[in-house]
Structure formats: C-alpha cells, structure tokens
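So that we are looking at the same thing, I have put the structure below in structure tokens.
Each value in this text was obtained by applying a stated rule to the coordinates, not by laboratory testing. Just so we're clear, the structure is a prediction, and the values are computed from it rather than from any experiment. Because the Cβ atoms are built from the backbone with ideal geometry, glycine has one as well, and the counts that use them run over all protein chains shown.
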C-alpha cells in the first residue's frame, strides 16, 4: 500500500495556513494577525520540514522502559500503524491511549488526558 505524501513545506503560505487552520487549535487572534503570521508561518514550516523530510538511518534502539502513546481518534495526520510503531522502541510494555479529538486532543479533553497521565505515572510508582 502506498500513501500519497503531501509536502506541506512546498505549499504557498496561504495554502499552508489553510492546512494549519484545518487542524484546529489555532486561535482566531493568531489567524487574523498578519504580523504574527509572518513570524510564525516560517517557524511552523521549519518544524514541518524536519518532520516531512526526516529519514532514520539508525536501527531501532530499544529502551528498558514502558511507553504509553497518546493519540486522538479523529487526528487526520496520524495513522494508527504509525502510533503502534512506538512499540519498536521498548523491551517492556507498550500501551496506546486514544482520546476523543484531533491533533489538539489534549486541549479538547484536558481532564481526561491529565487523568491518564496520572494513572500511568502511579502505575510506574508501584513497580
């Protein structure tokens, strides 16, 4: 199976901004402020460049710690198999916690996320 890859870093700034707005979580005070956009669009594009062009040349290094991955169930940017790949980095337990929401699920259900973080840390303290 092949997935179409969109290099967002190649989009004109207005299309890139439309993509960022579509993710949700970007306040109107930023979207409507042209000066802020001129500052932040290059910064966000630089982050995307790292993400979109990174190719690991190393073998997986497995750590001796549990890993818990958090994800949103409606995040259009995350493929479930990609979340599960975090299991490749541990010899120990791997868990996925899925929350309602998209890319910014921690802001959509902060109490739920904080509760799960606390439960995960409490479980570790009992080991």
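Table: residues versus (1) in a loop (DSSP other than H, G, I, E, B); (2) within 29 Å of residue 121 (Cβ to Cβ); (3) in contact (Cβ under 8 Å) with a residue 12 or more places away in the chain.
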{"residue": "17", "(1), (2), (3)": "no, no, yes"}
{"residue": "29", "(1), (2), (3)": "no, no, no"}
{"residue": "37", "(1), (2), (3)": "no, no, yes"}
{"residue": "74", "(1), (2), (3)": "yes, yes, yes"}
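Ok, one more. Specify which of the listed residues (104, 63) is loosely packed, with under 14 Cβ neighbours inside 10 Å and farther than 30 Å from residue 15 by Cα.
63
With the requirement that a residue be free of Cβ contacts under 8 Å to residues at least 24 places away in the same chain and in contact with a strand residue (DSSP E or B) (Cβ under 7 Å, 6 or more places away or on another chain), what does the range 85-119 give you?
Hits for the range 85-119 are 86, 87, 109, 112.
One residue is enough: does the range 53-60 have a residue meeting the conditions without any contact (Cβ under 8 Å) to a residue 60 or more places away in the chain, surrounded by 12 or more Cβ atoms within 10 Å (Cβ to Cβ) and either under 17 Å from the mean Cα position of the chain (by Cα) or closer than 30 Å to residue 112 by Cβ (or both)?
No: zero hits.
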